[in-house]
Amino acid sequence: MTAKYLLLTFTMLSIGIVKAQNPIIKGQFTADPTARVFNGKMYLYPSHDIPAPADKPNLRKDWFCMADYHVFSSENLTNWTDHGVILTQEKVPWLNAEAYAMWAPDCAYKDGMYYFYYPAIVKPDSITKRFGMMVGVAVSDRPDGGFVPMTEPIKGIYGIDPCTLIDDDGQAYIYWSGRGMQGARLKPNMLQLDSEPVALGNFPDGMKEGPFVFKRNGKYYFTFPWVPKEGETENLSYAMGDSPLGPFEYKGLIMDQSPTKCWTNHHSIVEYKGEWYLFYHHNDYSPQFDKNRSVRIDKICFNEDGTIQQVTPTLRGVGITNATDEIQLDRYSELSKMGAAVNYVDTTDYFAGWKTVLNARNAYVQYNDVDFGTTGLTSVSAQILNGKGKLLVKVDDKIIARIAVKEAGLITVPVKDIPQGVHNLSVVSADKGKVEVDWIQFK
């Protein structure tokens, strides 16, 4: 992919609506997701992976490359608005703009202002007289843009992966990694440390980074990616404590290591409309190169004693899908063990997404939580990519349509006795024919 093509792609995507399951953002790479709830809406502040530009021979082609940040928002966790670029490396006077190292960020709100925290590599001639990574701040009066970067990084923070916590009494804290896990109080201006950094310990041996701290029912949760052994990749783990700066007691895993060995995982955990969600990333749109990652969401649950139930990654993700949207069956809730598979639509363009392949009688794909509304739908369309066969469309366990597939294309058939409200949808193969389905949609 050339730099020219990248510029065109990301410019076109600067502002728009993205409808997705997992991964939730399509058309660009997103990683290191920090989710925050502002004004009743979910905002997502990820880092932005890009392939190393061809005209930058000094950059490693096998490593992370990040030059800017986008912000996204959603009210239903399914439809996401890309508000465009909110900060670029060229706009920050203290960082090395040739390093392409704008890594995992965070955003906090206090007293009418929004504070965007981000790590970057310091210029060799910086007034800090230091090399390596530091943390900067950009400030705005709104959560979706207008951020103005401060001219200097935060003194006293030498590391990466900033995370903030504003406690119930209004005191703000900031955490980071890079030389172990550390934390400190922030001054009321949110721009300076108000205490010496505290080394946070009592965690398992092995590499740890990316702290994310939140409070629930009076307990502080210190969560982090962790590599248990050399040669492995990151799981997500957590500890709990009674104070924002510890001590913390290690409790266990939140999510196991990626089955594809994606390097890395990075996350946030947030409550929204009475439910708790885990935001994390995986290399879904870049299976051959795990430094180009994409954000996912899954629900997270707690036991009565406050400990976290381990999360299994899903393709379906979260949220309710409208029946009148294009329903991507490949982001399934359940797939039959025999005769069903999910493959890429185009292995030369992974952003084209996936297709569902059914090739045995009674093979099926199930997609949960579809809202059929209250107005009465009369037809279902299936975008067929290839194959011949017969398909049954079911809502819960009731057949509502039969689709005879003779060739590729859009096939529309009537539906009968379709229920109202939210139900589970499935598509079942009625014979041994092989059929490749891109999506289905009701009208």
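The values are calculated or read from the model by the stated rules, or taken from the named source; none is laboratory data. It should be emphasised that the depicted structure is a prediction, and the values quoted were computed from it without experimental measurement. When we count neighbours, we look across all protein chains shown, and the Cβ atoms used for this are built from the backbone with ideal geometry, even at glycine.
Say we look at region 22-40 and pick out the residues that are more than 18 Å from TYR115 (Cβ to Cβ) and over 11 Å from the mean Cα position of the chain (by Cα); which of these is surrounded by the fewest Cβ atoms within 10 Å (Cβ to Cβ)?
If we take residues in region 22-40 being more than 18 Å from TYR115 (Cβ to Cβ) and over 11 Å from the mean Cα position of the chain (by Cα), then GLY40 is surrounded by the fewest Cβ atoms within 10 Å (Cβ to Cβ).
For region 1-59, what are the residues that are of a type in the set (S, T, N, Q), at pLDDT 95 or above and outside any strand (DSSP E or B)?
The initial filter retains those residues of region 1-59 that are of a type in the set (S, T, N, Q), namely 2, 9, 11, 14, 21-22, 28, 30, 34, 39, 47, 58.
Still in the list and also at pLDDT 95 or above: 22, 28, 30, 34, 39, 47.
Passing the criteria: ASN22, GLN28, THR30, ASN39.
I'd like to check something: does region 249-263 contain any residue that is within 16 Å of VAL213 (Cα to Cα), among the small types (Gly, Ala, Ser) and out of contact with any Cys (no Cβ under 7 Å at 6 or more places or on another chain)?
Yes, region 249-263 contains a residue that is within 16 Å of VAL213 (Cα to Cα), among the small types (Gly, Ala, Ser) and out of contact with any Cys (no Cβ under 7 Å at 6 or more places or on another chain).
How do the pairs read when you match residues in region 193-218 that are at positive phi with residues anywhere that are crowded, with 18+ Cβ neighbours inside 10 Å and of a type in the set (Asp, Glu), using Cβ under 9 Å and keeping only pairs 6 or more apart or on different chains?
Final answer for the pair search is GLY210/ASP32; GLY210/ASP161; GLY210/GLU234.
Restricting attention to region 186-215, which residues are over 20 Å from TYR158 (Cβ atoms), surrounded by 14 or more Cβ atoms within 10 Å (Cβ to Cβ) and under 22 Å from the mean Cα position of the chain (by Cα)?
PHE214
Given the residues VAL71, VAL85, which is the only one that is of a type in the set (Val, Ile, Thr) and buried (at least 21 other Cβ atoms within 10 Å of the Cβ)? So that I can check it myself, show each step before the final result.
Details: VAL85 fails: buried (at least 21 other Cβ atoms within 10 Å of the Cβ).
When all the criteria are applied, what remains is VAL71.
Among the residues of region 319-371, write down those that are modelled with pLDDT under 95 and hydrophobic (A, V, I, L, M, F, W, C).
ILE320
Which count do you get for residues in region 82-92 that are part of a strand (DSSP E or B) and acidic (Asp, Glu)? Walk me through how you get there before you give the answer.
Here is the first cut: in region 82-92, the ones part of a strand (DSSP E or B) are 82-88.
Filter once more, keeping what is acidic (Asp, Glu): 82.
Looking only at that region, the number is 1.
Looking only at strands (runs of 3 or more DSSP E) that fall completely inside region 231-307, which ones have 2 or more residues that are in the same structural domain as MET102 (by the TED database) and closer than 17 Å to ILE24 by Cα? Can you show your working first?
Details: elements: 235-241, 248-255, 268-272, 275-282, 294-299.
In region 231-307, 268-272, 275-282, 294-299 are the strands (runs of 3 or more DSSP E) which contain 2 or more residues that are in the same structural domain as MET102 (by the TED database) and closer than 17 Å to ILE24 by Cα.
Go through region 416-438 and count every residue that is buried (at least 20 other Cβ atoms within 10 Å of the Cβ), modelled with pLDDT of 95 or more and not charged (D, E, K, R).
Residues meeting the conditions: 6.
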